[in-house]
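Below is one structure, written out as structure tokens; comments come after it.
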Amino acid sequence: MKKAMLTISFGTSNNATRVKTIDAIEGALRDAFPTYEHRRAFASQTIIRKLKTRDGVVVDGIVDALERLRYDGFTHVVVQPTYVISGFE
């Protein structure tokens, strides 16, 4: 059984904010679930594009992340969103 946890956040283009929030949440999840491979996805295509263009940082969108997990042979995936309300761009 190959297990992964996909943490999905809306995303942020502010690097300092990302460290304090998203990175902290993902770190806590890694500590709590050490036997899982941990992956990240952002829901905001605007943030994904901005990070890639401005910083050269590549973050998958939700569908791309799930497809990559399947391609990489994961059989069990926990999807953990970090937001509590639906939003829009």
**Q.** Two-site FRET efficiency, Ala16 against Arg70, from Cβ-Cβ distance with R₀ of 30 Å, rounded to 0.05
**A.** 0.35
Q. Counting only residues 5 or more places away or on other chains, whose amide H sits under 5 Å from the amide H of His38 once H atoms are built in the peptide plane?
A. Met5
Q | Average silhouette area of the chain, convex hull of alpha-carbon atoms, in square nanometres | A | 6.0 nm²
Q) Karplus couplings for region 35-41 from phi (6.51 cos²θ - 1.76 cosθ + 1.60, θ = phi - 60°), rounded to Hz, Gly and Pro as x? A) 8, 9, 7, 10, 10, 10, 9
Q) Over the heavy atoms of Ile48, what accessible area does a 1.4 Å probe trace out, to the nearest 10 Å²? A) 20 Å²
Q. Say each of Ile62 and Ala32 gets a label point 7 Å from the Cα, pointing the same way as Cα to Cβ; how far apart are those two points in nm?
A. 2.0 nm
Q. Using modelled backbone amide H atoms (1.01 Å from N, in-plane), which distant-in-sequence or interchain residues come within less than 5 Å of Gln80's amide H?
A. Leu6, Thr7, Ile8
Q. To the nearest 20 debye, what is the magnitude of the charge dipole of the chain about its Cα centre, counting +1 on the Cβ of each Lys and Arg and -1 on the Cβ of each Asp and Glu?
A. 120 debye
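The values are calculated or read from the model by the stated rules, or taken from the named source; none is laboratory data. Nothing here was measured: the structure is a model prediction, and the numbers come from that model. Please note: Cβ atoms are built from the backbone with ideal geometry, for glycine as well, and neighbour counts cover all protein chains shown. Ligands, DNA and RNA are stripped out before the accessible areas are found, and what is left, the full protein with its side chains, is counted by its heavy atoms. Shrake-Rupley method; radii C 1.70, N 1.55, O 1.52, S 1.80 Å.
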